[in-house]
Amino acid sequence: PDISAHLGKTTSKGVKLNSASDFANALLDEHNMACVPGEDFSTLVGHKHIRMSFACSEEQIREGARRMSVFIASLK
């Protein structure tokens, strides 16, 4: 997903999101949800994207979507 709309925002713990790496690290730290920053796949456009895996149960996917929603809603 493209997360560029959230770059420049700050998390509830005060972390400024300047890159996909910042986004991924904050999501893991604040909501125990892992994703991979796009920079690991492409330096041209990757800084605006994350990569997620859906190789788990539907229940886990729903919980991940809930956590992502709470995280994004908390950004300022």
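The values are calculated or read from the model by the stated rules, or taken from the named source; none is laboratory data. All values derive from a computational prediction rather than experimental measurement. Please note: Cβ atoms are built from the backbone with ideal geometry, for glycine as well, and neighbour counts cover all protein chains shown. Keep in mind that these areas ignore ligands, DNA and RNA; they rest on the heavy atoms of the full protein, side chains included. Shrake-Rupley method; radii C 1.70, N 1.55, O 1.52, S 1.80 Å.
One table, with the values for the structure above:
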read-out: Spatial extent of the chain: Rg and Dmax, with the Cα atoms as the point set, Å; value: 11.9, 34
read-out: Average Cα contact separation per residue, the chain, under 8 Å, 6 or more apart, as relative contact order %; value: 33 percent
read-out: Net lengthening on full extension, Arg51/Ser74 (0.36 nm per residue, minus Cα-Cα); value: 6.2 nm
read-out: Computed FRET value (nearest 0.05) for Arg62 with Ser42, which takes r as the C-beta separation and R₀ as 25 Å; value: 0.30
read-out: Accessible carbon and sulfur surface of the chain relative to its total accessible area, %, 1.4 Å; value: 54 percent
read-out: Total formal charge among the other residues, if their Cβ is under 13 angstrom from that of Leu75, Lys/Arg +1 and Asp/Glu -1; value: +2
read-out: Net charge, Gly46 excluded, C-beta distance under 10 Å - Lys, Arg +1, Asp, Glu -1; value: 0
read-out: Amide H within-cut-off set for Ile3, under 5 Å, with H built and near neighbours excluded; value: His49, Ile50
